[in-house]
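The values are calculated or read from the model by the stated rules, or taken from the named source; none is laboratory data. Just so you know, these numbers come straight off a predicted model, no measurement behind them. Here the Cβ is made from the backbone with ideal geometry for all residues, glycine too, and neighbour counts use every protein chain on show. Side chains are part of the model used for accessible areas, which takes the heavy atoms of the whole protein and leaves out ligands, DNA and RNA. Shrake-Rupley method; radii C 1.70, N 1.55, O 1.52, S 1.80 Å.
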Amino acid sequence: MADLVKLIIDDTEYEVPKGMNLVDAAKRYAGVDIPVFCYHPKLGHDGNCRMCLVELATPRPNRDTGEMELAWFPTLQTACTQSVSDGMAIRTVTDVVTNGRREILEFLLSSHPLDCPICDKGGECPLQNLTMRHGPGTSRMYWDEKMHLGKHIPLGEIIYLDQERCIQCARCIRFQDKIAGERVLDFDARGRHSRIITNTDPGFDSIFSGNTTDICPVGALTSADFRFNARPWEMAQVATVCSHCPVGCNMTFDTRTDREAEGRTTIKRVMPRQNEAVNEVWICDKGRFTHHHMMDRQERIKSPKKRDKNGKLVEVTWEEALDAVAMHLTNAKHEIAALAGGRLSNEDYYAIQKLIRARGSNNLSAYPHAVAGGELTAQVGVGVGTDLQELGAGDVILVAATDLHESGPIWFLRVKAAAERGATLITLNGRGTDLDKYTDASIRVSYGEEAFTLDALAASGASTQMVKKSTAKKASQEADPIQIAVNTLAQAENVVIFAGSEGLDEAGAHDLAQAAANVLINTDHVGRANNGLIIVWPSANGQGSSDMGFRHDYAPGYVPVEHPGKDYAGILAALGDGSVKTLLIAGADPVFHDPVAEAALRTTQSTVIVLDIFETETAKLADIVLPIQSIGEREGTFTSGERRVQRFYPAIEPVGDSLPDWLIAQRIGEKMGMGSPAVSPASVLRDIAEAVPIYTGITYQGLAQVEPQFPDVGGDDLYYGGTAFQNHHGLGIQWPSFSEQEADRPAPGKVGKPTKHKLDGGFLAVPVDALVDAEPLFAQGAPVLGERIPVPYVRLNPADADKLSLVQGDAVSITLNGRMLEANTHLDARVPEGVAAIPRELQLQGAPLHATPAKIARLEKLGA
């Protein structure tokens, strides 16, 4: 705990941490709000708006007596630029302070437009609020001296700037520079002529751009998605959790009944909901803008469908559809299987796996989770109470086989911030990533050698000879990164490891997770907060799917099954040989992702049942299609990559006759003699808590509990932290890992041999994560981000491109999986020679590209 010192505020003494920002100290420990515009508790001070003026004094010895006395500065001082020292005193309510604040507001309003009635910020505007509280009642400025500037200036395709409203606080610039690490905004000109500009092409090129609209203290920055769409006081707030990646960002759906939607409730915007242990007050643009698919009544499946005698999918009643599903499952006996996507809730996974296992089958796969190792996070996952904000000097973060900027954007921000606070950051990848700019050691390995390399760090006496092909990528770092990793891991106070799956199949991903567990076990960094393993799942609820036993080898709670079933590849093969007679696919579109799955589903004679919100390519091949509800229409729970169970709530009316997945599964079970469905998802979670020991005690009531958080964001003083919402609906519950409950340290496990790829003149095709992709749900759900979906491309090392006579943007043909596809060339020196890095979810020529690491691609320049 920091040393406490005496701070005097308006003649009252308080004890506060030494060195704390004066604005923060006054607010947190004295309940005194010092008005600010440029200051933000997450961004630090800039001192340019001058709104936080106070009278300030510091103690000094009297020249005559030598006794300590307060020496007051002759002029007002900016509080945001001051750090608390012992004996410091301030006055915040004197006449001189009041006059100073009024004059600052008068200057800020000298050219500010009077368009509050049409401004999107009206009703939640810090400038509006502070003007009413501290500002002048009239203006002494002449109308013809006002600056008349642009009102709708696009900084990019998403964020628009109203130059007249901007007060040059620089919050947006500092967020992009300090928090996001992407200095894509800047000032142009000086004085009253200063303007915010973008300095990238395309404009405002950042995946975090929407956050600038939250922290803007005026209506200068607005989004194309929300501009002139609704007023803040018209909307109701509904708590939810992001369904796009494993971070588990807390968010709020702002909803309103809409006459254009025939009186139905619609989601008008998505806002961050403060959870300091998860996403703080930030969300990425994918989470913010991908919600329109929930209300797309034209494309949504509204009623069950069944294939008729002519082979066409026609609408039927729920009773008819459920009877047909129950009949197929009954007739197939144990020769059934289920695939599920990564956006299902814990309740969904549990209900579906229970339905399948009741028939004696363990053929379960949560596709497209290439990542494995949920049982390892259960064993050595990060301890309860883990908060990445607490990591700094003396701690180590290791990120392996993943690009967090694309696979977990808010984790990227938090890991970057920890490195800037002094934590040692180590990356271990087959290629360079954006995180390498902040590393102390970047370890480069050949794809397939990640687990072997990481396991070498866990071995006693690890040395630089264990991995010969490694180079330091940080310009100032001349020491061997392997030796840096070995030394820092052994000496670290806390260690957190992120394990992904880039360039790995399921077995390779499991080996990597095991190697990471070995490092943590051997260095004794398990069983306590801020230490342990985090799996970077390729979906929002990958951890939950594993916890709920939606896998072929473990039942719920990581209880090994006596007779393991078929995994994903085995299920596809069984569709061909007939050993799986009925397949249930929930919330997944394997035809889009995988040509092998497409071939299997097009040729199978087995019955295929699909549960989805859209008529996907997979649904078009199904025998029975059942409409499910989106996350906005229902309630349930997700479990984040940090094993934090979090609750989301229903925000809009269900579309058509759609139902939640868990209820569909239980209604099918009812027809098969498994008992009546639960009355609510809360009842399902209660059943989970009783049947799954790791979820013991977790209830909807417990998940809704909150506690005070600092900084105080989203309160009455919106000028302090912006318009992100306070958390009134639950911070979630992190279930404890086995190592936290057992006295004995777990034993390390075995790791497989490294994989060697023979290129034979071709390229190793490596699927890489791309936050903005062509996945149908994203393409339909985020129209404002449509321009960011890139033309299909492949990343190549410039040396490889030179051999093929390729330059940036050249069209190239890719022969992969027996198909010839077309893409553009992107040159990237961070990609190793001999590797073709291909985004997972981009479609080439309308055909799915599933680039498994074991596949060798042939590349040729088109027209050569």
So which strands (runs of 3 or more DSSP E) are wholly in the range 216-295 and hold at least 2 residues that are free of Cβ contacts under 8 Å to residues at least 60 places away in the same chain and open to solvent by 10 Å² or more (accessible area, probe 1.4 Å)? 250-258, 264-272
Does at least one position in the range 634-647 carry a residue that is crowded, with 22+ Cβ neighbours inside 10 Å and hydrophobic (A, V, I, L, M, F, W, C)? yes
Looking for something aromatic (Phe, Trp, Tyr), outside any loop (DSSP other than H, G, I, E, B) and at pLDDT 95 or above - is there at least one such residue anywhere in the range 73-83? no
Residues located in the range 1-48, provided they are open to solvent by 60 Å² or more (accessible area, probe 1.4 Å), closer than 17 Å to Phe710 by Cβ and acidic (Asp, Glu): Glu15, Asp33
When you scan the range 666-761 for helices (runs of 4 or more DSSP H) that lie fully inside it, which ones turn up with 2 or more residues that are open to solvent by 20 Å² or more (accessible area, probe 1.4 Å)? 681-691, 738-741
Quick check on the range 395-422: of everything there that is out of contact with any helix residue (DSSP H, G or I) (no Cβ under 8 Å at 6 or more places or on another chain) and not in a helix (DSSP H, G or I), which residue is nearest to Arg830 (Cα to Cα)? Thr402
Failed condition for Ala704, given (1) in contact with a helix residue (DSSP H, G or I) (Cβ under 6 Å, 6 or more places away or on another chain); (2) modelled with pLDDT of 85 or more, with all others met? (1)
So which residues in the range 1-52 are assigned to a strand (DSSP E or B) and on the phi > 0 side of the Ramachandran plot, if there are any at all? Gly44
Filtered residue count, the range 801-841, keeping only those that are open to solvent by 10 Å² or more (accessible area, probe 1.4 Å) and in a helix (DSSP H, G or I): 2
Taking only the range 805-833 into account, find how many residues are over 18 Å from Pro767 (Cβ atoms), touching a Leu at 6+ places or on another chain (Cβ under 6 Å) and not small (Gly, Ala, Ser). 1
Quick one: in the range 177-202, which of the residues that are part of a loop (DSSP other than H, G, I, E, B) and closer than 19 Å to Phe412 by Cβ is most open to solvent (accessible area, probe 1.4 Å)? Arg183
I'm told Lys306 meets every condition in (1) within 30 Å of Pro232 (Cβ to Cβ); (2) touching a helix residue (DSSP H, G or I) at 6+ places or on another chain (Cβ under 7 Å); (3) at pLDDT 95 or above except one. Can you identify the failing condition by its number? (1)
Among the residues of the range 712-751, which ones are under 16 Å from Thr240 (Cα atoms) and among the hydrophobic types (A, V, I, L, M, F, W, C)? Ala724, Phe725, Leu731, Ile733
Neighbours by Cβ (under 7 Å, 6+ apart or cross-chain): first from the range 705-716, over 16 Å from His729 (Cα atoms); second open to solvent by 50 Å² or more (accessible area, probe 1.4 Å): Phe710/Arg28
